[in-house]
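Colleague: Here's a structure for you.
The values are calculated or read from the model by the stated rules, or taken from the named source; none is laboratory data. Just so we're clear, the structure is a prediction, and the values are computed from it rather than from any experiment. Neighbour counts are summed over all protein chains in view; Cβ atoms, including those assigned to glycine, are modelled from backbone coordinates with ideal geometry.
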C-alpha cells in the first residue's frame, strides 16, 4: 500500500500542496498550512499491525528506523527516500518516573519525558530531522535551495546547525543578541552555521527570517513550517508506546511559539483515528508570567488573543510575545479540554531546583511546567491519582551558568529557597568529618519533610 501526505490550509481552504514545494502559508487566506495524511490508506493496516511494526523498530539499528521519528516514517513523510534521511538517532528519549518528586507534589504517577536527552539537547531535533531530510530530497529532485534559515531563542538554531552540517548544506541562524546561553550560542557556531546576532528579541528575528525566506532559495526552518510539526508529534506516540500503548491522563508542556502543543495534539489524534488508542489526554500549557499571551487569552476563554512584548525571563526559549502557532495551539487546547497556567520567575527557578534535589537536572522551561503543575495540583485541577507526563524540552546542561548563579545567590530578583553552595574548608580531616555530619543531618530533615 502506498501512503501519501501533503500540505493543506489549517482553515480548510481548497488546495493540496506537495511537501516538496517551497510554501509556508495558504495562498487563499494567508494562514498557516499543516500536513495531512491519507488516513484511509493508513487504515489498510490494522492498529495491532501498526503497534507491532513500531515495536519491532524501536531502538533498532536498521537505518533509519531506530530513530524515534523515522521508526514512524509512514506517519511522518511516507514517500521520502531513505538515502535522503538525515538522522542522528533522535527521539526515544527517557520517560523518567519521578517517584520522589511526585510524592512531594502528592501526584502518585508522575513522569518526565526527557526530550533534552537528544543529539543537540532539545526536542527540536525531532522536527529538524524531518525538515532537513525533506530539503535534501527536494535538492536531489532538482529544487534550487541555497541555504536553510531560522530565527531562534537557542535550541532551534542548535538543531538546524547540526542537521545541516550532517547533510552538507548551509545553515543561517538569526539569534536575539545577548538573549541565549553560551552553550546554546556555541552549538551552531561549532557546526559551521552563519550565526547572525540581531539587536532585537525573538519576535523581531522571526519577522526578519519571514522576510528573507520570501526568496525561495532560502528555506524557512521555523515551526510555522509544518514539516517540523510532523517530527515533534512523535513525542506523543513515544509516550503512549512507552506506557505499553496506554494514554496518560495529563500532558503538561511549556509553551512559547506554541508549535509543540499542536504537534503533540496531532500525534494523539492520529493514534485515535487509526485505532491505536481510544481516548485523549488533557493538556496543560505552561507559560512564563513575563511571556504569557496565551495565558491571558485563556483567562478570557480564548475569545480574543493579543500579542504582547515579552519581558526578560529565565525561561529564554519561551520568551515569545507573538507566537506564530497560536491559532493551532488554541484549537488543540479546546479539542483536548486543555488549560493554561503561568509561573513567576521565583516559582520557575525554585521548582527546577526543588526537582533537581530528587535527581533531575532541569532546564528553566521545565521549571515553568513543574511550577504550573504544582499550582494545578493545589487547585485540584489535576488529581493526585491521575497519571501525569511533564514534557522536559531541553537539557539542563545548556543552562549550567544560570543554575550555578541560582545556587550562588547571584540571580537578580531571585531568593533561592533551595540553594546549595560549595562549602570551603581547610584540608583538615576533622573539619571535613564535621561538615559531612552536618550534611547528613540536614539531608535527613529534607527527605522527611
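Colleague: Taking the condition of being out of contact with any strand residue (DSSP E or B) (no Cβ under 9 Å at 6 or more places or on another chain) and either more than 25 Å from residue 136 (Cβ to Cβ) or part of a helix (DSSP H, G or I) (or both), how many residues in the range 184-221 meet it?
Modeller: The number of residues fulfilling the criteria is 4.
Colleague: Can I ask one more? Going residue by residue through the range 230-245, is there one that turns out to be touching a residue at least 40 places away in the same chain (Cβ under 8 Å), assigned to a loop (DSSP other than H, G, I, E, B), in contact with a strand residue (DSSP E or B) (Cβ under 6 Å, 6 or more places away or on another chain) and crowded, with 18+ Cβ neighbours inside 10 Å?
Modeller: No, every residue in the range 230-245 fails to be touching a residue at least 40 places away in the same chain (Cβ under 8 Å), assigned to a loop (DSSP other than H, G, I, E, B), in contact with a strand residue (DSSP E or B) (Cβ under 6 Å, 6 or more places away or on another chain) and crowded, with 18+ Cβ neighbours inside 10 Å.
Colleague: Take the range 219-243 and flag every residue that is closer than 15 Å to residue 150 by Cβ and out of contact with any helix residue (DSSP H, G or I) (no Cβ under 6 Å at 6 or more places or on another chain).
Modeller: 220, 222, 224, 225, 226
Colleague: Right, another one. Has the range 139-148 got any residue that is buried (at least 24 other Cβ atoms within 10 Å of the Cβ), over 30 Å from residue 179 (Cβ atoms) and at pLDDT 95 or above?
Modeller: No.
Colleague: Scan the range 150-173 for residues that are surrounded by 24 or more Cβ atoms within 10 Å (Cβ to Cβ), over 19 Å from the mean Cα position of the chain (by Cα) and under 18 Å from residue 214 (Cα atoms) and jot them down.
Modeller: Listed by number, the residues that qualify are 171, 172.
Colleague: Are any residues in the range 355-384 within 20 Å of residue 94 (Cα to Cα) and surrounded by fewer than 24 Cβ atoms within 10 Å (Cβ to Cβ), and if so, which ones?
Modeller: Correct list: 356, 357, 358, 359, 360, 361.
Colleague: Go over the candidates 1, 88 one by one and state the one that is out of contact with any strand residue (DSSP E or B) (no Cβ under 8 Å at 6 or more places or on another chain), at pLDDT below 95 and either part of a loop (DSSP other than H, G, I, E, B) or surrounded by 18 or more Cβ atoms within 10 Å (Cβ to Cβ) (or both).
Modeller: Only one candidate passes the filter, namely 1.
Colleague: Also: So, restricting to strands (runs of 3 or more DSSP E) that lie completely within the range 246-346, which ones have at least 1 residues that are within 15 Å of residue 233 (Cα to Cα), touching a residue at least 40 places away in the same chain (Cβ under 8 Å) and under 17 Å from the mean Cα position of the chain (by Cα)?
Modeller: Numbers: elements: 250-254, 282-288, 339-343.
Hits in the range 246-346: 250-254, 282-288.
Colleague: Taking the range 401-416 only, how many residues are surrounded by 11 or more Cβ atoms within 10 Å (Cβ to Cβ) and part of a loop (DSSP other than H, G, I, E, B)?
Modeller: In the first step, residues of the range 401-416 are kept if they are surrounded by 11 or more Cβ atoms within 10 Å (Cβ to Cβ); the result is 401-411, 414, 416.
Now narrow it down to the ones that are part of a loop (DSSP other than H, G, I, E, B): 408-411, 414, 416.
Of the residues in the range 401-416, 6 are surrounded by 11 or more Cβ atoms within 10 Å (Cβ to Cβ) and part of a loop (DSSP other than H, G, I, E, B).
Colleague: Using the structure shown, decide if residue 74 is surrounded by fewer than 20 Cβ atoms within 10 Å (Cβ to Cβ), in contact with a helix residue (DSSP H, G or I) (Cβ under 8 Å, 6 or more places away or on another chain), at pLDDT 95 or above and not in a loop (DSSP other than H, G, I, E, B).
Modeller: Spelling it out, residue 74 is indeed surrounded by fewer than 20 Cβ atoms within 10 Å (Cβ to Cβ), in contact with a helix residue (DSSP H, G or I) (Cβ under 8 Å, 6 or more places away or on another chain), at pLDDT 95 or above and not in a loop (DSSP other than H, G, I, E, B).
Residue by residue, here is whether (1) under 27 Å from residue 99 (Cα atoms); (2) outside any loop (DSSP other than H, G, I, E, B); (3) in contact with a helix residue (DSSP H, G or I) (Cβ under 9 Å, 6 or more places away or on another chain) holds:
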{"site": "380", "(1), (2), (3)": "yes, no, no"}
{"site": "419", "(1), (2), (3)": "yes, no, yes"}
{"site": "425", "(1), (2), (3)": "no, no, yes"}
{"site": "435", "(1), (2), (3)": "no, yes, no"}
{"site": "445", "(1), (2), (3)": "yes, yes, no"}
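Colleague: I'd like the residue in the range 5-22 that is under 24 Å from the mean Cα position of the chain (by Cα) and touching a residue at least 60 places away in the same chain (Cβ under 8 Å) and, out of all such residues, is nearest to residue 325 (Cα to Cα).
Modeller: If we take residues in the range 5-22 being under 24 Å from the mean Cα position of the chain (by Cα) and touching a residue at least 60 places away in the same chain (Cβ under 8 Å), then 10 is nearest to residue 325 (Cα to Cα).
Colleague: Of 221, 190, 207, which residue is surrounded by fewer than 21 Cβ atoms within 10 Å (Cβ to Cβ) and under 15 Å from residue 257 (Cβ atoms)? Quick ask: steps written out before the conclusion?
Modeller: Values: 221 fails: surrounded by fewer than 21 Cβ atoms within 10 Å (Cβ to Cβ); 190 fails: under 15 Å from residue 257 (Cβ atoms).
None of the others qualify; the one that does is 207.
Colleague: Output the residues belonging to the range 37-54 that are exposed (fewer than 14 other Cβ atoms within 10 Å of the Cβ) and out of contact with any helix residue (DSSP H, G or I) (no Cβ under 6 Å at 6 or more places or on another chain).
Modeller: Listed by number, the residues that qualify are 40, 44, 46, 48, 49, 52.
Colleague: Follow-up. Given the conditions (1) assigned to a loop (DSSP other than H, G, I, E, B); (2) touching a strand residue (DSSP E or B) at 6+ places or on another chain (Cβ under 9 Å); (3) surrounded by fewer than 18 Cβ atoms within 10 Å (Cβ to Cβ), report the number of the one that residue 12 does not fulfil.
Modeller: Of the numbered conditions (1) assigned to a loop (DSSP other than H, G, I, E, B); (2) touching a strand residue (DSSP E or B) at 6+ places or on another chain (Cβ under 9 Å); (3) surrounded by fewer than 18 Cβ atoms within 10 Å (Cβ to Cβ), the odd one out for residue 12 is (2).
Colleague: While we're on this one: Restrict the check to the range 385-400 and report whether at least one residue is part of a helix (DSSP H, G or I), surrounded by fewer than 16 Cβ atoms within 10 Å (Cβ to Cβ), out of contact with any strand residue (DSSP E or B) (no Cβ under 9 Å at 6 or more places or on another chain) and in contact (Cβ under 8 Å) with a residue 60 or more places away in the chain.
Modeller: Within the range 385-400, one or more residues are part of a helix (DSSP H, G or I), surrounded by fewer than 16 Cβ atoms within 10 Å (Cβ to Cβ), out of contact with any strand residue (DSSP E or B) (no Cβ under 9 Å at 6 or more places or on another chain) and in contact (Cβ under 8 Å) with a residue 60 or more places away in the chain.
Colleague: Of everything in the range 26-36 that's touching a residue at least 24 places away in the same chain (Cβ under 8 Å) and under 24 Å from residue 136 (Cα atoms), which residue is surrounded by the most Cβ atoms within 10 Å (Cβ to Cβ)?
Modeller: Checked the range 26-36; the qualifying residue surrounded by the most Cβ atoms within 10 Å (Cβ to Cβ) is 33.
Colleague: Residue 335 is checked against (1) surrounded by fewer than 16 Cβ atoms within 10 Å (Cβ to Cβ); (2) modelled with pLDDT under 95 and fails just one. What number does that condition carry?
Modeller: (2)
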